[in-house]
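The values are calculated or read from the model by the stated rules, or taken from the named source; none is laboratory data. What you see is a predicted model, and the numbers here were worked out from it, not measured in a lab. When we count neighbours, we look across all protein chains shown, and the Cβ atoms used for this are built from the backbone with ideal geometry, even at glycine. With ligands, DNA and RNA removed, areas are computed over all heavy atoms of the protein, side chains included. Shrake-Rupley method; radii C 1.70, N 1.55, O 1.52, S 1.80 Å.
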Amino acid sequence: MIGYARRQPVALAASEHSAERAAGLGAGAVERVARRRNEPAWLREQRLAAWREYERSPEPRWQRGIKGWWLTDLSRLRLEGLRPVLFSPSVTGLSLPQGTAAALRHQESGVGVAEARDWAARGLYVADLARAVRERPLLVGRYLGGQAGVAGDRLLSLAAAFWGSGVFLYVPEGLRVDLPVDVSANFTTPAALLGWRTVVVAEPGSSVTLSEEFLGAEGTGALLGAFSEIYVGAGASVTYATLAGHGASNTVLAQHRAIVKQDGQLNWFATNWGGATVREVSEIRLSEPRARLEMTGAFFADGGQQFDGTATVVHEAKQSAAEILLRGVVKDAARAAFAGTIRVPAGAQQVESHLASHTLTLSDQARVDVVPSLEIAANDVRVGHGAAAGKLDEEQVFYLMSRGLTRDQAIRLLVRGFLEPALTRLPLAAARERVERAVEGKI
Amino acid sequence: MAGELRVRDLRVSVEGKPILRGVDLTVRAGEIHALMGPNGSGKSTLSHAIVGHPGYKIESGSVSLNGENLLDLPADARARLGLFLAFQYPVAIPGVTVANFLRSALAAQRGGAPVPPREFKRLLAENLDLLGIQEAFASRYLNDGFSGGEKKRLEIMQMAVLRPRFAILDEPDSGLDIDAVRTVAEGVNALAGPELGVLIITHYQRILDYVRPDFVHVLLDGRVVRSGGQELVRELEERGYDWLREEAASGTGS
Ligand SMILES: Nc1ncnc2c1ncn2[C@@H]1O[C@H](COP(=O)(O)OP(=O)(O)OP(=O)(O)O)[C@@H](O)[C@H]1O
Ligand SMILES: [Mg+2]
């Protein structure tokens with residue numbers, strides 16, 4: 001069975017039991033996953049708690065316009081057809097891509113791993129999450145689920161109960177990993193329920209770059225729930241890039257959470273061009289003085305795609321600083337929304353924070369909304385936002401055409417130029433090229 | 001007709017308002033024509049209409065290049081036939097570097113074949129040098145934050161890279177300092193030759209002292225009211241446009 005109906009909005013099965021029967025989803029199935037993987041009790045309990053949350057949580061109403069699901073239309077999603085996918089933990093050989101410290105390749109057939117030995121010898125630990133649970137259960141237990149939360153969220157709860165794989169990246173104190181860690185996952189199973197979890201721990205004074213790329217086949221109709229939990233220690237620096245080229249019929253829910261300690265720096269890059277419906281909620285806590293965030297988002301939605309992004313920066317400590325830069329393009333009948341919030345509680349003085357969003361609309365049917373909000377309780381701060389929404393500038397198109405470029409070529413150049421300020425910040429050159437190609441393909 | 005840009009009885013309106021009211025003009029390969037005329041007389045309208053700006057409505061008349069009717073072609077096709085306009089007000093395109101833009105334009109001119117990097121690098125360096133533009137400009141965003149004079153130089157520099165058959169230069173000298181006028185004029189002269197036809201629009205004699213036009217035309221209220229040689233420039237410089245206006249009003253114009 002495919003996880004998508006063609007048009008008709010379909011209600012969830014009336015009772016939990018029928019949903020359970022149809023999809024093999026249920027507390028028993030959760031137990032089986034934990035048992036099959038020999039997971040420690042705390043992890044089994046995490047999964048079961050998520051399952052209970054799933055059962056408790058209200059069904060999201062399957063139309064857009066409701067609180068928290070603003071704009072997102074999930075009417076085509078059919079939970080009862082989904083099957084949890086557990087990536088085979090078997091490790092297959094992989095040669096280390098040039099210029100990387102380690103690499104993971106998630107395929108249906110298994111997870112390929114490669115790492116440069118010298119980094120491992122110095123304490124860098126990278127593994128797919130299932131393996132990390134086996135190899136370093138105590139370490140993983142300290143961080144996994146420390147930030148992620150699924151309260152009240154039915155779909156994320158489901159993904160958390162049945163998560164199959166992910167990444168665990170640990171950088172010990174003072175280790176500066178100057179080559180990126182390169183992770184990619186290719187989700188091809190039809191009607192899959194995919195739970196993905198990323199944990200990055202950068203101990204004080206360390207630094208690391210993680211590039212995480214999601215790809216998916218056309219027409220797999222999967223539900224992907226992705227969690228990331230980033231821990232940036234004092235004086236540490238983490239660059240985290242997610243490149244999301246999800247399969248065209250997939251529903252994607254992502255929850256990103258990060259905490260940055262004193263003098264730590266998080267450079268976060270999120271780009272998205274795939275998926276049918278993508279909802280992404282990010283929350284970054286700058287929890288100690290002089291913690292810094294630089295967040296860059298770029299997306300391109302076309303066809304009937306729906307992207308719904310929320311980013312919240314909480315300046316919990318004085319002198320923390322954040323800069324958010326967003327560039328988004330919508331085309332055809334695509335819908336996108338971005339809500340950016342800067343929160344400065346009382347007492348967090350000398351905070352600097354800025355949110356800048358630019359959107360480009362390439363057709364009359366496409367729509368994109370940006371809603372910035374500033375919640376500021378401290379008085380000695382520099383906080384602001386700027387939003388610019390525009391259509392294709394016909395004078396620019398004409399200028400380029402007058403030099404011989406066809407209209408298509410001109411638009412391609414303009415869209416690339418529009419996204420350029422965001423894309424240049426991508427840490428992996430090869431990944432940047434893939435994004436650029438994907439974007440070109442859409443124009 | 002080979003080797004000529006031919007405008008016949010061209011009538012153009014903008015947002016319903018008639019601007020050009022029957023313009024005739026022929027520029028042959030190897031010739032340099034100057035077009036002068038008061039502000040608002042329609043000079044830029046003419047240049048936009050010739051290169052195919054969609055905002056200018058052609059009411060009647062014809063424009064042809066080497067015998068081929070241009071009016072049915074979109075701007076890019078006209079450019080690929082060898083038509084070029086150095087804009088009076090070039091637009092800025094943030095995010096697109098000068099080098100990237102020129103590489104795309106050159107490839108488009110050559111039928112889509114990518115330009116070999118080595119050749120492109122040489123072309124770029126040579127022509128930046130020709131117009132006295134620092135090499136660093138190649139990696140700046142197109143016209144973004146450029147000074148007025150820098151934009152004008154870059155327009156002529158593009159012409160040098162793209163090598164059109166017919167070039168319309170819409171006030172390439174306005175806003176330029178004295179040395180820059182000479183640099184731009186020398187750039188134009190370096191490109192001029194038996195293969196190139198040039199229509200240069202200007203308000204000032206100075207650039208025409210360097211780029212010596214074979215013909216000078218005056219556009220007034222959407223019509224060419226007088227044509228002559230270099231001496232006409234001097235006459236306009238001394239007398240202004242009123243006498244032509246009076247002549248036009250009394251129907252005694254040439
Ligand atoms: N897009 C437009 N919308 C409205 N009016 C326009 C537009 N473009 C040109 N016009 C009008 O057409 C007339 C001719 O303008 P044009 O720019 O061709 O003059 P010009 O001879 O180039 O003047 P200048 O010497 O000042 O550059 C002017 O009255 C101008 O206001
Ligand atoms: Mg003008």
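Any chance you could count how many residues in the range B:49-62 are more than 7 Å from ligand 1 (Cβ to nearest atom) and either part of a loop (DSSP other than H, G, I, E, B) or open to solvent by 50 Å² or more (accessible area, probe 1.4 Å) (or both)? Number of matching residues: 7. Among residues of the range B:23-48 that are within 14 Å of chain A (Cβ to nearest Cβ) and open to solvent by 10 Å² or more (accessible area, probe 1.4 Å), those with a Cβ under 6 angstrom from a residue that is within 14 Å of ligand 1 (Cβ to nearest atom) and charged (D, E, K, R), sequence gap 6+ or separate chain, pair up as B:Ser44/B:Asp170.
Residue-level check: of (1) away from ligand 2 (no atom under 16 Å from the Cβ); (2) within 13 Å of chain A (Cβ to nearest Cβ), B:Gln88 misses just (1).
Would you call B:Phe87 of a type in the set (Phe, Trp, Tyr) and open to solvent by 10 Å² or more (accessible area, probe 1.4 Å)? It is true that B:Phe87 is of a type in the set (Phe, Trp, Tyr) and open to solvent by 10 Å² or more (accessible area, probe 1.4 Å).
When you look at B:Ile156, is it more than 14 Å from chain A (Cβ to nearest Cβ), closer than 23 Å to B:Arg78 by Cα and surrounded by 15 or more Cβ atoms within 10 Å (Cβ to Cβ), yes or no? Taking the combined requirement at face value, the residue does not satisfy it. The test for being in contact with a helix residue (DSSP H, G or I) (Cβ under 8 Å, 6 or more places away or on another chain), more than 11 Å from chain A (Cβ to nearest Cβ) and either modelled with pLDDT of 95 or more or within 16 Å of ligand 2 (Cβ to nearest atom) (or both) holds for B:Leu70. Entry remark, the range B:91-110: residues being at the interface with chain A (Cβ under 9 Å from one of its Cβ atoms), closer than 21 Å to A:Leu392 by Cα and touching a residue at least 40 places away in the same chain (Cβ under 8 Å) number 10 in total. The set of residues in the range A:271-317 being within 22 Å of A:Ser363 (Cβ to Cβ), of a type in the set (D, E, K, R) and open to solvent by 20 Å² or more (accessible area, probe 1.4 Å) consists of A:Asp302 alone. Evaluate the following for A:Val383: is it more than 28 Å from A:Ala333 (Cα to Cα), in contact (Cβ under 8 Å) with a residue 40 or more places away in the chain and either outside any loop (DSSP other than H, G, I, E, B) or more than 14 Å from chain B (Cβ to nearest Cβ) (or both)? Judged against the criteria, A:Val383 is a match. Of the residues B:Arg153, B:Arg182, B:Arg140, only one is farther than 24 Å from A:Gly404 by Cα, among the basic types (Lys, Arg) and touching a residue at least 24 places away in the same chain (Cβ under 8 Å); which? That would be B:Arg182, the only listed residue that is farther than 24 Å from A:Gly404 by Cα, among the basic types (Lys, Arg) and touching a residue at least 24 places away in the same chain (Cβ under 8 Å). Is at least one residue of the range B:228-251 crowded, with 17+ Cβ neighbours inside 10 Å, more than 30 Å from B:Arg103 (Cβ to Cβ), within 16 Å of ligand 1 (Cβ to nearest atom) and basic (Lys, Arg)? Among the residues of the range B:228-251, not one is crowded, with 17+ Cβ neighbours inside 10 Å, more than 30 Å from B:Arg103 (Cβ to Cβ), within 16 Å of ligand 1 (Cβ to nearest atom) and basic (Lys, Arg), which makes the answer no.
The criterion of at least 1 residues that are within 16 Å of ligand 1 (Cβ to nearest atom) and in contact with an Asp or Glu (Cβ under 6 Å, 6 or more places away or on another chain) is met by the following helices (runs of 4 or more DSSP H) wholly inside the range B:99-214: B:205-210.
Here A:Pro190 meets the list (1) touching a residue at least 40 places away in the same chain (Cβ under 8 Å); (2) in a strand (DSSP E or B) almost entirely, failing just condition (2). Here the range B:27-45 is the region considered, the condition is being under 12 Å from the mean Cα position of the chain (by Cα) and within 7 Å of ligand 1 (Cβ to nearest atom), and the residue that is nearest to B:Gly228 (Cα to Cα) is B:Lys43.
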